[in-house]
């Protein structure tokens, strides 16, 4: 049974539409299963099966009502968990764990699951309140427990009743807010020993802007190690950008990564790379568009100003997660339609999830 394709893969069954001139749509019951597995990772409940029995899932209004209902169930935590594991690559958190001697607090406080929980609670808050998707980048708050508050160096107005309790915390540090300032993202985009503007820049390109970079050319040499410690991280990477073959990608990657250098490999704020403060962190950069910034807070403002790039990436990952396949070039028209349906109201997160489910692409075989 466990090796059976019928057990391993979702089978939409026979299409509801048989007309060869029209796109094949899955049946009402197959649609109910697809919705349920997307939002709860389980079989349809009684209410959803009844809606399919009565043929009500052809209505956008009925579908939207089911989205709201299912997201209100405890089992929708599976959607939040699984989607963030995939979209933000949180499944790799711990694959390159921080060095024990350099970051003992990471292990003493068991920070890895707490980091994930912060991101889950934050995403859940934006989803449940149907806030604009841009809040995932620009929000000046998050949900912390005692350990994470200590890691971030923030004071809370209300004392924690117990160490494991999470509460909403407002940030005064404008670099900290949003996904790009969360320890889960900052740790998964580091290598466990040190930060790399290239790794973090690629992460932003792929997960936030949806513009993955091609692999580097085979004939590109590695950066020479700076054994004297006389050069900055920026200066080292400029060696790569001086090559035309490298500059094409690194002019897009490096500025994004530099902005995040204000955080160390486990997400603590820093202003220098060394304890003595001699090797200062430089977070300024210029994007290929010519837009410049001096820190992460200013970069986030630029990203929000062009939020359509972020929203398209988010919708693409939602569709990938919902359909269980990579998005093809011909799917871009469906993505355009989904974005257009949510544009007037500010690309609200729950609206985007509902637009994915009510899209023609979601109902195709």
Most mobile listed residue (276, 168, 312) in the chain, GNM with C-alpha springs under 10 Å: 276
Using Cα springs under 10 Å in a Gaussian network model of the chain, which residue among 109, 36, 242 shows the largest mean-square fluctuation? 242
For the residue pair residue 62 and residue 170, what label-to-label distance in nm results when each label sits 7 Å from Cα along the Cα-to-beta-carbon direction? 4.5 nm
Return one number: the angle in degrees, 0 to 90 and rounded to the nearest 10, between the long axis of the Cα atoms of helix 60-71 and the longest principal axis of the Cα atoms of the chain. 50 degrees
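Just from its helices, what would the mean residue ellipticity at 222 nm be for the chain, if runs of 4 or more DSSP H residues each count -39500 (n - 2.57) and the sum is divided by every residue, rounded to the nearest 500 deg cm²/dmol?
-14000 deg cm²/dmol
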Options (1) 1.09; (2) 1.92; (3) 0.94 - which one matches Cα Rg over 2.2 N^0.38 Å as calculated here: (1)
Can you give me the angle between helix 244-259 and the longest principal axis of the chain, using Cα atoms only, in degrees from 0 to 90, rounded to the nearest 10? 90 degrees
Between residue 309 and residue 3, what length comes free when the chain is fully extended (0.36 nm per residue of separation minus the Cα-Cα distance, one decimal in nm)? 106.1 nm
With each label point set 7 Å from Cα along the Cα-Cβ vector, what nm distance links residue 344 and residue 282? 4.9 nm
Gyration tensor on Cα atoms of region 89-305, a ≥ b ≥ c root eigenvalues, a/c under 1.5 rounded, else prolate if a/b beats b/c, else oblate, says prolate
Most fluctuating residue given options 279, 176, 124, as computed from a GNM of the chain linking Cα atoms under 10 Å: 279
Between residue 53 and residue 365, what length comes free when the chain is fully extended (0.36 nm per residue of separation minus the Cα-Cα distance, one decimal in nm)? 110.4 nm
Proxy exposure order for 300, 252, 278 (fewest C-beta within 10 Å first) is 278, 252, 300
Specify the inter-centroid distance of region 145-187 and region 250-300, based on alpha-carbon positions, in whole Å. 20 Å
Work out, step by step, the length gained on full extension between residue 91 and residue 274: first 0.36 nm times the residue separation, then minus their alpha carbon distance; give nm to one decimal. 62.9 nm
Just to confirm the number: angle between the C-alpha axis of helix 28-40 and the first principal axis of the chain, 0 to 90 degrees, nearest 10? 30 degrees
Where a ≥ b ≥ c are root eigenvalues of the Cα gyration tensor, a/c under 1.5 meaning rounded, otherwise prolate if a/b exceeds b/c and oblate otherwise, region 87-198 counts as oblate
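Coordinate-derived values only; no laboratory data. Predicted, not measured: the structure shown is a model, and the values here were computed from it. Every residue, glycine as well, gets a Cβ built from its backbone with ideal geometry; the counts of neighbours run over all protein chains shown.
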